[in-house]
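Worksheet: the structure to be examined is printed underneath.
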Amino acid sequence: MADKAPVYATPLALSVLNQDNGEVFNNGLGPFFYFSRFKPAIFNHTAAGESSIEIWEKHVHKIHRYIKEKKFALIVLDPWSRIPEMVPDDARDKVGRKLLRQNYKVSESIAVSMAKRPGGGNYTLKIWTPRT
């Protein structure tokens with residue numbers, strides 16, 4: 001992986017992937033940031049460009065642009081991590097997944113052992129790399 005290349009990853013892999021000090025992005029645990037408009041008044045912003053909706057939209061557009069331009073050296077996703085999307089009722093929903101399949105391919109799947117977890121099992125990470 002190129003030094004300081006941006007990476008999009010599940011929180012499980014962040015500490016390992018951030019060792020080269022490049023930019024590391026994740027989905028902030030899904031669309032919940034967007035829905036934070038139903039939050040305590042202390043978190044409400046009134047300045048233009050600072051509402052939770054506007055901040056979420058900027059984040060989504062940046063991630064989608066990086067995928068289109070193949071700027072991410074790696075995209076590491078687990079079964080619960082997703083590429084961020086606009087609000088679920090928005091017509092643009094699922095655009096990120098489509099962009100991912102068009103511009104990246106799964107180059108490897110890694111089963112991480114969850115032996116210390118009650119019930120054991122594995123946690124599968126899919127490694128996506130840019131299509132050539």
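Anything in the stretch 95-132 that is touching a helix residue (DSSP H, G or I) at 6+ places or on another chain (Cβ under 8 Å) and not in a strand (DSSP E or B)? List them, or say none.
Hits for the stretch 95-132 are 95, 96, 99, 100, 103, 131.
For the stretch 110-132, which positions are among the basic types (Lys, Arg) and modelled with pLDDT under 75?
Residues satisfying the conditions are 116, 117.
Considering the stretch 66-93 alone, what residues qualify as being assigned to a loop (DSSP other than H, G, I, E, B) and modelled with pLDDT of 90 or more?
Matches in the stretch 66-93: 69, 70, 71, 72, 73.
The values are calculated or read from the model by the stated rules, or taken from the named source; none is laboratory data. Note that the structure is a prediction, hence the values are computed from the model and not measured. Positions of Cβ are backbone-derived with ideal geometry, glycine not excepted, and every protein chain shown enters the neighbour counts.
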